[in-house]
Every structure is written in structure tokens, then in C-alpha cells.
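These notes concern the structure reproduced below.
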Amino acid sequence: MTARIITELGPWSWWVLGMLLLAAELLMPGVFLVWIGLAALGTGALSLLLWDFAVWTWQVQALFFAAAAVLFTLMGRRHFGRTDIGSDEPLLNQRGASLVGRTATLAEPIREGRGRIRLDDTIWIVSGPDLPAGTQVRVIASNGRDLTIEQV
């Protein structure tokens with residue numbers, strides 16, 4: 001049945017396949033089928049020109065389609081798959097890292113290298129030199145949920 005449809009449609013079978021792939025791209029997330037659909041449309045365009053030549057067999061068409069699909073996919077990933085776009089808030093989901101450089105007052109004394117400070121509405125566990133409560137400190141590093149401080 002598929003062979004009969006391809007025979008009846010001739011070079012337009014590639015155009016139908018390309019349009020079906022582009023339509024499927026609208027239904028599926030991501031941008032992948034668009035490149036394969038463009039490869040099918042390119043094969044269809046070439047088929048319109050070369051359909052009557054003996055060298056343009058279905059095997060050659062399939063090889064051209066496969067090569068075009070790989071080429072279009074690689075080109076598409078190169079030009080549209082860039083993820084190095086800078087953010088206007090690079091520390092948005094790194095709350096501890098966003099606190100580096102801020103100053104605060106020790107809520108509890110640091111004993112044996114551990115203590116607590118209050119920054120905004122959160123109590124943070126800090127590490128640093130032993131200091132009494134009420135000392136002004138500066139956050140110099142963040143290690144997950146713990147902050148490293150130094151005396152101002």
C-alpha cells in the first residue's frame with residue numbers, strides 16, 4: 001500500500017512526508033522534527049527536478065533524505081541550540097551565593113567554628129573564627145546551606 005501511494009504521488013510523496021513531520025512538530029515539544037521535515041521537503045524539491053532520471057531511484061532518494069536530515073539537524077543545533085545566553089539574575093536560584101559580600105550581625109556567638117546570623121528573614125548557619133554575639137561579620141563564601149564569614 002505504501003509503495004502504491006508513493007508511486008501515485010511521485011515526487012510529491014516527499015512533500016507530504018515533510019508536511020506531516022512539520023505538523024507533528026507542532027504537537028510534540030522540542031525542536032527536532034522540524035529538521036527532518038525540512039530534509040523531506042528538500043528531498044521533495046530535488047525529486048521534482050530529478051524524477052525522470054534513472055539514477056534517482058528510491059534508494060538514492062532515501063540516502064539523500066538521511067544525509068539531509070543529519071545535516072539539517074546538526075546545523076539547527078549549532079545555530080538554535082545555544083544555551084550560553086547570560087541571565088540578568090545569574091544567582092536567582094542560588095540564594096547562599098547571592099549573600100556573598102553582605103554584612104550582618106551575629107545572632108549567636110560562634111563557638112568551635114559554628115554559629116548563626118540573621119540575614120533578611122532567615123537564620124543561617126555560619127562557620128568562621130570564634131566571635132561573640134553582636135559582632136559585625138561579612139559573608140565571604142557559601143557552601144550549600146552554610147555560609148563562611150569573617151569579622152568586618
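The values are calculated or read from the model by the stated rules, or taken from the named source; none is laboratory data. Just so it is clear, the structure is predicted and the values come from calculations on it, not from any experiment. Virtual Cβ from ideal backbone geometry, glycine too; neighbours counted across all protein chains shown.
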(request) Test Ala68 against the criterion of being exposed (fewer than 12 other Cβ atoms within 10 Å of the Cβ) and in the same structural domain as Leu17 (by TED's automatic domain parsing), and give yes or no. (result) no
(request) Kindly list, by first and then second residue, each pair from a residue in the range 3-18 that is assigned by TED's automatic domain parsing to the domain that holds Ser47 to a residue that is modelled with pLDDT under 70 and in a helix (DSSP H, G or I), limited to pairs with Cβ atoms under 8 Å and residues at least 6 apart or on different chains. (result) Ser13/Ile5; Ser13/Ile6
(request) Tell me which residues, restricted to the range 116-152, are in contact (Cβ under 8 Å) with a residue 24 or more places away in the chain and over 33 Å from the mean Cα position of the chain (by Cα). (result) Ile117, Leu131, Pro132, Ala133, Gly134, Thr135, Gln136, Val137, Arg138, Ile149, Val152
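Scan the range 25-44 residue by residue and report those that are in contact (Cβ under 8 Å) with a residue 12 or more places away in the chain and out of contact with any Asp or Glu (no Cβ under 8 Å at 6 or more places or on another chain). Break it down into steps so the answer makes sense when it comes.
Going through the range 25-44, the residues in contact (Cβ under 8 Å) with a residue 12 or more places away in the chain turn out to be 25, 31-44.
Selection gives Glu25, Trp35, Ile36, Leu38, Ala39, Ala40, Leu41, Gly42, Thr43, Gly44.
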(request) Kindly list, by first and then second residue, each pair from a residue in the range 75-94 that is within 30 Å of Leu38 (Cα to Cα) to a residue that is modelled with pLDDT of 75 or more and outside any loop (DSSP other than H, G, I, E, B), limited to pairs with Cβ atoms under 9 Å and residues at least 6 apart or on different chains. (result) Met75/Trp35; Gly76/Val34; Gly76/Trp35; Gly76/Leu38; Arg77/Trp35
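Quickly run through the range 99-115 and pick out the residues that are in contact with a Pro (Cβ under 9 Å, 6 or more places away or on another chain) and surrounded by 13 or more Cβ atoms within 10 Å (Cβ to Cβ). If you could, list the steps in order and put the result at the bottom.
Start the filter on the range 99-115 by keeping residues that are in contact with a Pro (Cβ under 9 Å, 6 or more places away or on another chain), which leaves 106, 109-110, 113, 115.
Within the range 99-115, Leu106, Pro109, Ile110, Gly115 qualify.
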